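Visitor: This structure is in structure tokens; I'll ask about it shortly.
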Amino acid sequence: MRTRTGNLCPQMCVSDVQLCPEGYGDDSCPSGQSLCIDGTCSDACGDIPARNNPCGCKFQYPPEDAKGLVPCATFPDVTIEHYNADDLSQLTDFCSDKFNVSGSAPFWGDWSGDQELPDDTEVSSGRRFWAGSQCPKAPKYGYTYKEPL
């Protein structure tokens with residue numbers, strides 16, 4: 001195991017921006033800017049295409065459960081000592097502690113069950129997922145050219 005530095009924490013995707021960790025929602029942007037659909041801050045978010053939303057995991061046709069998810073602000077670079085790339089729980093535990101992600105958040109694609117939401121939010125229901133680098137591979141569509149029209 002080794003020490004690793006970089007943009008290691010996956011993107012947090014939420015059904016309501018109020019579910020973002022403190023400092024990574026709309027409040028994370030400088031005055032006059034808004035949190036855009038790609039997780040960055042800008043004064044002109046309308047120019048950013050919807051396909052840049054990391055919460056779609058680059059699927060051409062994302063699952064119904066992924067529609068409506070928006071990203072929190074991108075987490076800054078971190079340093080993790082004794083980094084184990086095969087242990088995803090180590091990564092999400094570290095990122096949760098580092099960026100005060102309270103409650104629970106499963107990986108994108110685990111659409112089952114209710115989630116424990118943070119107590120410090122005005123939102124009574126919603127969903128949060130780790131996405132970004134933890135996205136599953138998008139399915140490849142193969143055609144035989146014998147499909148009915």
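Visitor: Can you send over the carbon and sulfur percentage of the accessible area for the stretch 1-102, probe radius 1.4 Å, protein chains only?
Guide: 44
Visitor: Please list 73-82, 20-29 highest first by mean number of surrounding beta-carbon atoms within 10 Å per residue.
Guide: Numbers: 73-82: 14.7, 20-29: 17.5.
Put in order of decreasing packing, that is 20-29, 73-82.
The values are calculated or read from the model by the stated rules, or taken from the named source; none is laboratory data. Being a predicted model, the structure only gives us computed values, none of them experimental. Don't worry about glycine lacking a Cβ; one is built from the backbone with ideal geometry, like all the others, and counts go over all protein chains shown. Surface accessibility is based on the protein's heavy atoms, side chains included, excluding ligands, DNA and RNA. Shrake-Rupley method; radii C 1.70, N 1.55, O 1.52, S 1.80 Å.
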